[in-house]
Amino acid sequence: MAEITKEQVKHVANLARLEISEEEAEMFTDNLSSIIQFAEQLNEVDTDGIEPTTHVLDLKNIMRKDEPRQWITREEALKNAPDQKDGQFRVPSILSE
Amino acid sequence: MSLFDHSIKEIEAKLHNKEITVSDLVDTSYKRIHEVDDKVHAFLTLDEESARAKAKELDGETDTTAKLFGIPAGIKDNIVTKGLRTTCASQFLRNFDDPLYDATVVDKLHAEKAVTIGKLNMDEFAMGSSNENSSFTPTRNPWNTDYVPGGSSGGSAAAVAAGEVLFSLGSDTGGSIRQPAAFCGVVGLKPTYGLVSRFGLVAFASSLDQIGPLTRSVEDNARVLEVIAGHDKMDSTSANVDIPSYTEALTGDVKGLKIAVPKEYLAEGVNPEVKEAVLEALKVYESLGATWEEVSLPHSKYAVATYYLISSSEASANLARFDGVRYGVRSENAENMIDMFKKSRSEGFGEEVKRRIMLGTFALSSGYYDAYYKKAQKVRTLIKNDFDKIFEEYDVVIGPTTPTPAFKVGEKIKDPLTMYANDILTIPVNLAGVPGISIPCGLSAEGLPIGLQIIGKHFDERTVYRTAHAFEQATDHHKKRPQIGGAN
């Protein structure tokens, strides 16, 4: 592995919702290839039977009662929005015309 | 001599005796900021009007016993402050002028009457080790402005070093408090994962991020931690543990303390001056009655690779929230919604942020998840086990905070892997979730600070602080100040 193609980089950019130029695609192909190549050193480590660590503390899911409470108002929720209409966030149409 | 050469405890006494007022303290802050910050660039946003009003209000109060009464504080700009611009040093959030709430740590500082002076510069979304990834003006090192202050909490460290505030808050995901503390000659603690609430901290890598204090002395650091630590029902990953007194642990006594020194932390690649300073520090500990032995953290060489896979994966998920719908800057050039997401993110994020999102998205994508992300999580277990094993026999682990003193602006920014390697001594601590502190332990021949790192057991900040404090009492490294803008 370790060889990452420009096509893969463009695919990943699409998954990440990033628009990248041809130049950036080349740069990220180089960057990702060398980082992934560097990461291949982990293959030296025998991890058979080792549990993955997602979290260092011994915490289980923490539940609380699902009770409504006062947090923010609709006006507050909207005040940092780039665009809004009729008390709601407004976004461009999902399909191009 | 500046008022900020005094400890918080001394200032508390001066306020109590009416030798000084809170307005004097706040004045000291802004005067110094106006004097040096056009060279240091530690601050992104100042809150001068509110801070002065707050000072006046506090000067009218008769009860001055709050733990941080009137103390000027700087807050890293990835910690949300109600009504005060919070940008994460990103163009995406350059107009996020009116956050709706205060982070829990900010609430706690205010409850103890600290005064927020402003928001501190950083690498964009905390991704970087030099502050050169700030999308505004990068912070410079107050000891020598040709050098970086470290990162990502570079503004937090530089502001304390330059005497602009008495303490600051930073965040540390792979060394982002300790590395800039080392580069700027201040004290910076990354607490045990879960000790301090992350509610209101803009998430980078959720299983690694911790907020912690940067100060001029260990005593001040312990005092701030006492204020910000503790369980928070708004952060279900915050630990439900009792918070002991950290300041009471500062006895100066380290007789019989068992120190482990990992040979990997003084290996090739560590600058001889840094190694020398650490060995000198170990002699100080010996003279104080502690003992040290060389040990091995055999998996530490895999820490950088493990960290970049895990932290970038978590970041790629966390940064998905920046979509241009609810806050931030939306691209004006979009034709439809998907296009709007893509253009807003691409125009708003800097190169390093995109690189990490790309790496993380790749590592989590179908076909690669087991080979990279899950593999890294398994190696993380081995790195954590290395520490667990050492802490069965020793009280603390000691080594350098960074392999070298601060590097020059522009020196490493072109090669991501060289920049990442700078964090090799701090990253294992985040992966294991244990607490670590950096304290000043000398100056290089070029006059740049060197940091000593002290690492402790989970939730044993008391021993970490006691060890750090004993060294501080026995030496005067922490009293040295950068000469920028005249003595401060």
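Under the combined filter of DSSP loop state and at most 14 neighbouring Cβ atoms within 10 Å, the stretch B:345-451 retains these trypsin sites (Lys or Arg not before Pro): B:Lys414. When the dipole is taken about the Cα centre of the stretch B:113-192, and only Lys, Arg (+1) and Asp, Glu (-1) are charged at their Cβ, what size is it in debye, to the nearest 20? It works out to roughly 280 debye.
Put a dot 7 Å past the Cα of A:His11, heading toward its Cβ, do the same for B:Arg52, and the two dots end up 6.0 nm apart. Each eigenvalue of the Cα gyration tensor of the stretch B:106-256, multiplied by 5 and square-rooted, gives one semi-axis; in descending order these are 24, 19, 14 Å.
Our helix-only sum for chain A, with -39,500 (n - 2.57) per DSSP H run of n ≥ 4 divided by its residues, gives a mean residue ellipticity at 222 nm of -10500 deg cm²/dmol.
Let's test the formula: R0 of 35 Å, r as the Cβ-Cβ distance of B:Glu10 and B:Glu411. What FRET efficiency results, to the nearest 0.05?
It comes out at approximately 0.35.
Based on Cα contacts under 8 Å between residues 6+ apart, chain B shows a relative contact order of 18 percent.
A Förster radius of 45 Å, combined with the Cβ-Cβ distance separating B:Glu351 from B:Val284, puts the computed FRET efficiency at roughly 0.60.
Of A:Ile36, A:Thr47, A:Gln88, which is farthest towards the positive pole of the stretch A:13-97's charge dipole, taken about the Cα centre with +1 and -1 on the beta-carbons of Lys, Arg and Asp, Glu respectively? Farthest towards the positive end: A:Gln88. Its convex hull of Cα atoms gives the stretch B:22-159 a direction-averaged projected area, equal to a quarter of the hull surface, of 8.0 nm². Take every pair of alpha-carbon atoms less than 8 Å apart whose residues are at least six positions apart; their mean separation over the length of the stretch B:370-488 yields a relative contact order of 26 percent.
A Förster radius of 41 Å, combined with the Cβ-Cβ distance separating B:Met1 from B:Lys233, puts the computed FRET efficiency at roughly 0.40.
Which one, B:Leu297, B:Leu93, B:Gly442, projects farthest toward the positive side of the charge dipole computed for the protein assembly as shown from Cβ point charges (K/R +1, D/E -1)? The Cα lying farthest towards the positive end belongs to B:Leu93. The length gained on full extension between B:Glu268 and B:Glu294, counted as 0.36 nm times the residue separation minus their Cα-Cα distance, comes to 7.8 nm.
Count neighbours as other Cβ atoms within 10 Å of each site's Cβ, and list the GluC sites (Glu not before Pro) in the stretch B:324-414 that are DSSP loop with at most 16 such neighbours.
Working: sites: B:Glu332, B:Glu335, B:Glu347, B:Glu351, B:Glu352, B:Glu392, B:Glu393, B:Glu411; in loops: B:Glu332, B:Glu335, B:Glu411.
Filter output for the stretch B:324-414: B:Glu332, B:Glu335, B:Glu411.
Full extension of the segment from B:Lys480 to B:Glu276, taken as 0.36 nm per residue of separation minus the current Cα-Cα distance, would add 71.6 nm. Distances between placed amide hydrogens fall under 5 Å for B:Val241 paired with B:His231, all partners being 5 or more residues away or on another chain.
Which one, B:Ser366, B:Leu279, B:Thr306, is farthest towards the positive end of the dipole of the stretch B:271-367 when Lys and Arg carry +1 and Asp and Glu -1 on their Cβ? Among B:Ser366, B:Leu279, B:Thr306, the one farthest towards the positive end of the dipole of the stretch B:271-367 is B:Ser366.
Can you give the percent of C-alpha pairs in chain B whose distance is more than 40 Å? Cα-Cα pairs of chain B separated by over 40 Å account for 14 percent.
Take the Cα of B:Thr64, step 7 Å toward its Cβ, do the same at B:Glu19, and the gap between the two points is 1.0 nm.
Of the two radii for the stretch B:309-401, the radius of gyration is 1.19 times the Kirkwood radius, both from the alpha carbons; that is the Rg over Rh value.
I need the shape label for the stretch B:132-172. Rule: rounded when a/c is under 1.5, else prolate if a/b > b/c, else oblate, with a, b, c from the alpha carbon gyration tensor. It comes out oblate by the Cα gyration axes.
Which percent of the Cα-Cα distances in the protein assembly as shown go past 32 Å? Beyond 32 Å sits 44 percent of the P(r) for the protein assembly as shown.
In a reduced charge model with +1 at each Lys and Arg Cβ and -1 at each Asp and Glu Cβ, the protein assembly as shown shows a dipole moment near 680 debye about its Cα centre.
Lys and Arg at +1, Asp and Glu at -1: add these up for the other residues within a Cβ distance under 14 Å of B:Phe407 and post the number. That works out to -3.
Label-to-label distance for A:Asp48 and B:Asn240 is 4.1 nm, based on points extended 7 Å past Cα in the beta-carbon direction. Mean separation of Cα pairs under 8 Å and 6 or more residues apart, divided by the residue count, gives chain A a relative contact order of 19 percent. Seen from a random direction on average, the alpha-carbon convex hull of the stretch A:1-86 projects onto 11.9 square nanometres.
Here the stretch A:24-97 is assigned +1 on the Cβ of each Lys and Arg and -1 on the Cβ of each Asp and Glu. Its dipole about the Cα centre then comes out at about 860 debye. Run lengths n ≥ 4 of DSSP H only: what is the helix-derived mean residue ellipticity at 222 nm for chain B, with -39500 (n - 2.57) per run over all residues, to the nearest 500? It lands at -11000 deg cm²/dmol.
Values in this text are rule-based calculations from the coordinates and carry no lab data. Fair warning: this is a prediction, and the values are worked out from it, not measured in the lab. Counting neighbours? That spans all protein chains shown, and the Cβs are built from the backbone with ideal geometry, glycine included.
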